[in-house]
Every structure is written in structure tokens, then in C-alpha cells.
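The values are calculated or read from the model by the stated rules, or taken from the named source; none is laboratory data. Note that the structure is a prediction, hence the values are computed from the model and not measured. Methodologically, a virtual Cβ is constructed for each residue, glycine included, from the backbone with ideal geometry; neighbour enumeration extends over all protein chains shown.
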Amino acid sequence: MGQFLLLLHELPDDFADASPSEMQSIVQEYMDWRDSLDRDGKLVSSNKLQEDGGKNLTREAGSIRVTDGPYTEAKEVVGGYFLVEAADYDEAVAMARTCPHMTYGHRIEVLAVDLDYEA
């Protein structure tokens, strides 16, 4: 069993047209999905990230440049994440396919966590 990080990518207008009641319903869909992962013993952790997009550090010519991030050109942000346990990429992708984000968001990135690495 491995761990996989599901990164939920968004564009600024993904939820722009949603009314407050629609947003409440959408948020409930995410919470219900998270709860189902938890009941199935697949959820390690999850959280919504702040909407500011964070900062991006880039090493250039021996110095470090800090810009708004992570994807300034496209204005794409990582809106949240789920850390899940799955047997392999196929199972992790199958989980991601059922996430409400595939209806409302931009994309989900699935990354394997290297559990053998010791920092």
C-alpha cells in the first residue's frame, strides 16, 4: 500500500458563477467525498488551501527569485489536497475520478509519495 497526493488545481473563475447556496452544496459534496474516503480507510489527510496562490521560489543565476505562484502565467492555483492510501496509481486515479473536483474544478494531479525516503 502506498500514499498518493491528489492536488486539486483551480482557475480563478472555476467557482465564480456559483451562488452562496450552490457553493454550500458544492462544499458539502467535497466533504461527503472526503468522509467516504475516511470511512474506507483511504484518507490520510486533506485540507483546503488559502486562495492567494502561495509563493514560488526559483533559483536563477545563483540567486533565489520569489514570485506569486504556483502558476502565475495561467493564474492556476492549488485549491486543496487529499493524501490517500492506495495500492497503486490505478487505484489512486480511480479515487481521483470520483472527486467532485472533476465536475467543478480544473484538474487533479496525482503524485506518489516516496515512503522509503528519509529526510
* Subset tally (residues that are closer than 23 Å to T67 by Cα and either of a type outside the set (D, E) or without any contact (Cβ under 8 Å) to a residue 24 or more places away in the chain (or both)) for the stretch 1-46 -> 6
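Condition check ((1) acidic (D, E); (2) within 26 Å of V113 (Cβ to Cβ)) across all residues:
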| position | (1), (2) |
| --- | --- |
| A16 | no, no |
| W33 | no, yes |
| L37 | no, yes |
| L49 | no, yes |
| G62 | no, no |
| E76 | yes, yes |
* Selection count where residues are surrounded by 11 or more Cβ atoms within 10 Å (Cβ to Cβ) and at pLDDT 95 or above, scope the stretch 3-21 -> 4
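Quick check, is S36 more than 13 Å from C99 (Cα to Cα), surrounded by 10 or more Cβ atoms within 10 Å (Cβ to Cβ) and modelled with pLDDT of 95 or more?
no
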* Asked: Tally time: how many residues in the stretch 11-30 are within 14 Å of the chain's Cα centre (by Cα) and closer than 14 Å to F82 by Cβ?
  -> 1
* To do: Could you check, for the stretch 42-49, whether at least one of its residues is surrounded by 14 or more Cβ atoms within 10 Å (Cβ to Cβ) and within 19 Å of Y104 (Cα to Cα)?
  => yes
* Filter the stretch 84-119 for residues that are more than 15 Å from H9 (Cβ to Cβ), among the hydrophobic types (A, V, I, L, M, F, W, C) and surrounded by 18 or more Cβ atoms within 10 Å (Cβ to Cβ) and give the result. => V84, A86, A92, M95
* Structure fact -> Result of the Cβ filter at 9 Å on the stretch 50-67, keeping first residues that are at negative phi and surrounded by 10 or more Cβ atoms within 10 Å (Cβ to Cβ) and partners that are in a loop (DSSP other than H, G, I, E, B) and β-branched (V, I, T), at least 6 apart or interchain, is N56/T72
